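Chemist: Before we start, here is the structure in question, set down as structure tokens.
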Amino acid sequence: MELICPIDQRCSHQIAALLRPPSPPIVQEYFDQLISKRKCQGIKVKQNGDLGKGVFAETDFEEEQLIFKDEMLVGVQHPSNKIDCLVCSYCFKFIGSIEKQIGRKLYLKTIGIGNSSHNGCQSNSSDDEEDNHYVQNHHSSENGASSSSGSTIPLPMMAVESLMNGELALPYSNKFPLPSVVSCLGGCEEAFYCSKSCAEADWESSHCLLCTGEKSESCSRKALLKFIQHANETNDIFLLAAKAISFTILRYRKLKASHMSEQEKPASSILGTDLSLLLEAWKPISIGHKRRWWDCIALPDDIDASDEATFRREIQELAFTSLQLLKEAIFDKECELLFSLEIYGHIIGMFELNNLDLVVASPVEDYFLYIDDLPYPEKKEAEKITQPYLDALGEDYSNCCQGTAFFPLQSCMNHSCCPNAKAFKREEDRDGQATIIALRPICNGEEVTISYIDEDLSFEERQALLADYGFRCRCPRCLDEER
């Protein structure tokens with residue numbers, strides 16, 4: 001049965017205009033302004049022949065030097081990770097206190113939410129609360145804090161609640177202060193923030209349409225809850241796409257209001273879509289490389305090549321179902337082009353091709369490592385209180401914040417199997433920004449590259465993985481190995 005989206009049929013020319021890649025001068029202007037605004041000195045985004053865009057050094061960088069930090073355009077924390085980590089929904093800093101982080105996690109485990117035993121990374125969505133994006137435990141019992149046994153040891157609920165509610169202070173926790181928790185402006189219980197400024201910025205950029213609280217500006221909170229549930233049960237990339245659409249709708253409304261103000265007319269006096277304003281609102285999304293999600297998603301290992309057409313059809317149907325739920329929740333007639341299946345598929349495809357891991361190290365892990373490093377008398381005294389909580393957490397004590405995001409500058413970086421840079425969080429990097437560090441000295445004028453894959457793999461394995469990104473690597477290492 002053919003999927004029919006009325007908006008695709010009715011607005012094909014306007015949709016084509018949105019999906020048409022911006023001209024090189026427009027792209028150059030956008031990134032020049034972005035780099036200037038973010039004060040990313042020493043880099044420039046330039047066209048790079050057949051490879052499209054690339055990031056180039058405009059100064060010399062030393063090995064291990066910070067090249068740039070990149071704020072995300074949109075990002076989401078994985079649903080199951082929200083059980084492990086309470087973070088700001090805008091900048092993804094950890095919030096609350098060490099006690100609240102530990103107590104909240106143990107409380108949710110005690111009541112049966114988020115029970116998991118893992119030591120590695122997986123991705124296998126299963127239910128509303130779990131999508132099983134797990135975090136590798138980077139510290140073994142030989143190197144860092146550890147529980148006294150391989151399995152968790154439950155604590156009395158009273159002990160857990162006293163920790164979560166701030167009635168009990170752990171020793172030395174004042175060495176790891178965290179920002180206080182700020183509630184969502186719309187009153188939902190899904191989003192929390194590290195500051196009022198983050199709460200306001202998130203509300204104004206996308207959350208006012210995606211909030212499930214009483215002050216939500218969505219068309220239907222009930223429909224929005226259905227959309228979120230579907231995304232949690234299937235693929236949280238839909239949540240990222242919803243943020244991108246909400247972001248564009250709100251930019252369009254602001255641009256239109258500003259445009260009408262300049263003409264001294266109320267925004268409501270002009271009916272219909274102003275395509276030029278929608279194109280301007282869409283610009284931050286337009287610069288990302290895109291393909292339809294069902295065309296570019298990698299074929300899973302357990303799907304036979306003979307079943308590829310069926311698999312891609314099912315992916316398209318999944319996106320169509322998600323789109324209908326989102327349309328019912330936040331539809332805007334003037335921005336109806338954003339609710340076409342063609343646009344939705346390309347937005348998700350952009351994230352499939354460009355999304356990057358959002359990772360923020362846990363202060364809880366730092367706390368227990370600090371206790372483990374104390375001199376013997378102080379350590380013994382502290383562990384009388386902390387050890388039961390560490391045992392109750394088990395291997396989950398070190399879980400960091402994990403999610404996925406779209407970073408405008410990092411998405412411009414090309415791949416090399418012998419890269420000169422890498423995405424790497426330093427000790428001081430405690431929010432959701434991407435951090436790019438030099439792997440070796442980089443000269444002025446040299447392109448800054450990263451590896452999309454594990455570069456330790458064989459030539460054949462690397463090329464097979466990179467084929468999923470739609471290209472064959474021609475870096476110096478691959479050319480040499482191919483010869």
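Chemist: How much of the accessible area of the stretch 281-335, probe 1.4 Å, is carbon plus sulfur, in whole percent?
Modeler: Numbers: 1260 of 2650 Å².
Answer for the stretch 281-335 is 48 percent, counting heavy atoms of protein chains only.
Chemist: Using a 1.4 angstrom probe, figure out how much accessible area the chain has per residue, in square angstrom, rounded to the nearest whole. Show your work: numbers first, answer last.
Modeler: Numbers: 23280 Å² over 483 residues.
Accessible area per residue: 48 Å².
Chemist: What dipole magnitude, in Debye to the nearest 20, does the stretch 392-446 give about its Cα centre under +1 on Lys/Arg Cβ and -1 on Asp/Glu Cβ? Could you put the intermediate results ahead of the total?
Modeler: On the way: 5 positive and 7 negative charges, 49 e Å.
For the stretch 392-446, the charge dipole is close to 240 debye.
Chemist: From the backbone phi of the stretch 162-174, what are the Karplus-calculated ³J(HN,Hα) couplings (6.51 cos²θ - 1.76 cosθ + 1.60, θ = phi - 60°) in whole Hz, Gly and Pro given as x?
Modeler: After applying 6.51 cos²θ - 1.76 cosθ + 1.60, I find 5, 6, 5, 8, x, 7, 10, 9, 7, x, 6, 5, 5 Hz.
Chemist: Sequence-distant or interchain residues sharing an amide H contact under 5 Å with residue 43, placed H: which?
Modeler: HN-HN under 5 Å from residue 43: 58.
Chemist: Another question about this same structure. If amide H atoms are built 1.01 Å from N in the plane of the peptide, which residues on other chains or at least 5 residues away come under 5 Å of the amide H of residue 67?
Modeler: Under 5 Å from the amide H of residue 67 lie the amide H atoms of 436, 437, 438, each far enough along the sequence or on another chain.
Chemist: Shifting gears a bit: Under the √(5λ) rule applied to the eigenvalues of the Cα gyration tensor, what semi-axes describe the equivalent ellipsoid of the chain? Give them in Å, descending.
Modeler: 38, 29, 23
Chemist: Separate question: Can you work out the Karplus-derived ³J(HN,Hα) for every residue in the stretch 462-471? Use 6.51 cos²θ - 1.76 cosθ + 1.60 with θ = phi - 60°, whole Hz, and x for glycine or proline.
Modeler: The phi angles translate into 5, 5, 5, 5, 6, 4, 5, 8, x, 8 Hz.
Chemist: The stretch 418-455: which GluC sites (Glu not before Pro) are DSSP loop and have at most 11 other beta-carbon atoms within 10 angstrom?
Modeler: On the way: sites: 427, 428, 446, 447, 455; in loops: 427, 428, 446, 455.
The qualifying sites are 427, 428.
Chemist: If you don't mind, another one. What residue among 36, 323, 171 has its Cα farthest toward the positive end of the dipole of the chain, where the charges are +1 on Lys, Arg and -1 on Asp, Glu, each on the Cβ?
Modeler: Going by the Cα projections, it comes out as 36.
Chemist: What trypsin sites (Lys or Arg not before Pro) in the stretch 1-88 are in a loop by DSSP, with at most 10 other Cβ atoms within 10 Å of the Cβ?
Modeler: Details: sites: 10, 37, 38, 39, 44, 46, 53, 69, 82; in loops: 39.
Answer by residue number: 39.
Chemist: Across the stretch 53-60, in residue order, what do the Karplus-derived ³J(HN,Hα) couplings come to in whole Hz, using 6.51 cos²θ - 1.76 cosθ + 1.60 with θ = phi - 60° and x for Gly and Pro?
Modeler: 7, x, 9, 10, 6, 10, 7, 7
Chemist: Assigning unit charges at the beta carbon (Lys, Arg +1; Asp, Glu -1) and nothing else, what dipole magnitude in debye, to the nearest 20, does the chain show about its Cα centre?
Modeler: Values: 48 positive and 75 negative charges, 348 e Å.
For the chain, the charge dipole is close to 1660 debye.
Chemist: Given H placed on each backbone N at 1.01 Å, which residues far from residue 53 in sequence or on other chains put an amide H within less than 5 Å of it?
Modeler: 48
Chemist: Cα to Cα, under 13 Å, and not fewer than 8 places away if on the same chain: which aspartates and glutamates meet these conditions relative to residue 327?
Modeler: Within the straight-line limit of under 13 Å, residue 327 reaches these aspartates and glutamates: 336.
Chemist: Pick out, in residue order, every one of the GluC sites (Glu not before Pro) in the stretch 1-96 that is DSSP loop and has at most 10 other C-beta atoms within 10 Å; say none if there are none. Display every interim value, and only then the final one.
Modeler: Values: sites: 2, 29, 58, 62, 63, 64, 71; in loops: 2, 58, 62, 63, 64, 71.
Qualifying residues, ordered by number: 2, 62.
Chemist: Would you work out the Kirkwood radius for the stretch 292-407? I mean one over the mean of 1/r across all pairs of different Cα atoms, in Å.
Modeler: 18.6 Å
Chemist: Give me Rg/Rg_expected for the stretch 33-115, where Rg uses Cα atoms only and Rg_expected = 2.2 N^0.38 Å with N residues. Please list the in-between numbers first.
Modeler: Working: Rg = 19.7 Å, N = 83, 2.2 N^0.38 = 11.8 Å.
Expressed relative to 2.2 N^0.38 Å, the Cα Rg reads 1.67.
Chemist: Nearest 5 is fine: what % of DSSP beta bridges in the chain come out antiparallel, could you say?
Modeler: Numbers: 27 of 28 bridges.
Bridges in the chain that DSSP calls antiparallel: roughly 95 percent.
The values are calculated or read from the model by the stated rules, or taken from the named source; none is laboratory data. Bear in mind the structure is a predicted one, so any value in this text is a computation, not a measurement. Because the Cβ atoms are built from the backbone with ideal geometry, glycine has one as well, and the counts that use them run over all protein chains shown. Surface accessibility is based on the protein's heavy atoms, side chains included, excluding ligands, DNA and RNA. Shrake-Rupley method; radii C 1.70, N 1.55, O 1.52, S 1.80 Å.
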